[in-house]
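Take a look at the structure set out below.
We did not get these values from a lab; they are worked out from the coordinates using the rules stated. Predicted, not measured: the structure shown is a model, and the values here were computed from it. Here the Cβ is made from the backbone with ideal geometry for all residues, glycine too, and neighbour counts use every protein chain on show.
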Amino acid sequence: MTTPTPLQRGPGPAREPSAIALAGERVFLGPIPKPGQPVFRNYTELPRRLPISVWRAARVVSVMAYVALVAGLFISPAGALFAFFQVIVPVLPILFFVAPGLWRNICPLAAVNQAPRVLGFTLAFTAPSWLRRYGFLIALALFFGITSARIAIFNTNARATGILLAVTIVSAFLGGVVVKGKSGWCSSICPLLPLQRAYGQTPFVTVPNSHCQPCVGCTKNCYDFKPQVAHQADVRDTDSSWVSPRKLFAAALPGFVLGFFTLASSTDLTTAHVYQRLALYFLGGIASFYILDALLPVTSGMLTALYPVPHRDRRSAHSVGPLADPDYRRGPDPELDHSHVCGGPPLRAGVGGWPSGRSGGPGSGHSARDQGEAQRRPGTLRAR
Ligand code: SF4
């Protein structure tokens, strides 16, 4: 028997992860998947640290706080404006980045959106095709429109901000009355959805969805269903009309944020000039994205994932974007059955690594049917 040379030798016995690595995994990701278990788990497979009743109580509190804020904007405008724009709004991006699932479980808009389902009076229609197709575009327009309107109106006009918040929560509620699941607001036209998906691509802390019991398959590539891969499933989708609005948002975000923070406190420009310059930042950011997309040897999906990173760094000192996920650094695991990732054919890029070609991988999205089937696997939650 010949002794293998160092080059012939295999990798040797696998090293046990250190105690620190194990503790980190347990704190941030829950128990490490055992052999055969999917690496990216859906929300029924993720460890649930709090009972549903606790989440429901938290939602009652968050809705009451929201209503108090709206009332405060009319009764005590200066204090409520400060609380909203100087305390709540700056905290949200950090939450979206670190633990987006926590926010999606306690968001007051999601709570009122899901109240008709919980209380049993939702009509639960399937969302019309135009809403499913253009929901993200509507959310994108609302996000940029409302945020830019802060400069001229909302930053200083408490009454207008109060009306905006009141209209928003009523809209979220009506969405839950009419269509099923979260497809009437949280997963379609919520103005914060694009930001949540761009920031929360690889959550540091994965908090399982406590709303949908069971999943009714209302949304393609649902972020609440499989949060660790939903965004990549979106940007690797083979339907270009699905991907393009996501790319557009990623392209516009850094320039818009840079312009907003540069111009919002400007006192020597007229409002018209502020908006003209903000438009230049916005368009400049988009142009730079598409120039990089044409020149860099990376996929559009990778650029879409990485491009908002400088923006996240402005808002969170800990931001490292997709590189926070060790699987981004390791590259695809040849042993990994990617059909587990999104319930579809192998996801060749977008989760574990990136192909040298620029075309999207096949079938990276999990279908509504797959989402519904996951609910019926052994060990998953019972329908309520
Ligand atoms: S697809 Fe399922 S998990 Fe996602 S929002 Fe709809 S019901 Fe909830």
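How many angstrom lie between the Cα centre of region 235-276 and the Cα centre of region 91-159? Using only Cα atoms to place each centre, the spacing works out to 18 Å. Here each label is just a point 7 Å from Cα along the line to Cβ, and for A65 and T156 those points are 2.9 nm apart. Footprinting exposure proxy ranking of K180, K220, fewest other C-beta atoms within 10 angstrom first, gives K180, K220. From the Cα gyration tensor of region 75-144, with a ≥ b ≥ c the square roots of its eigenvalues, which class applies: rounded if a/c is under 1.5, or else prolate if a/b is larger than b/c, or else oblate? Note, shape of region 75-144 comes out prolate.
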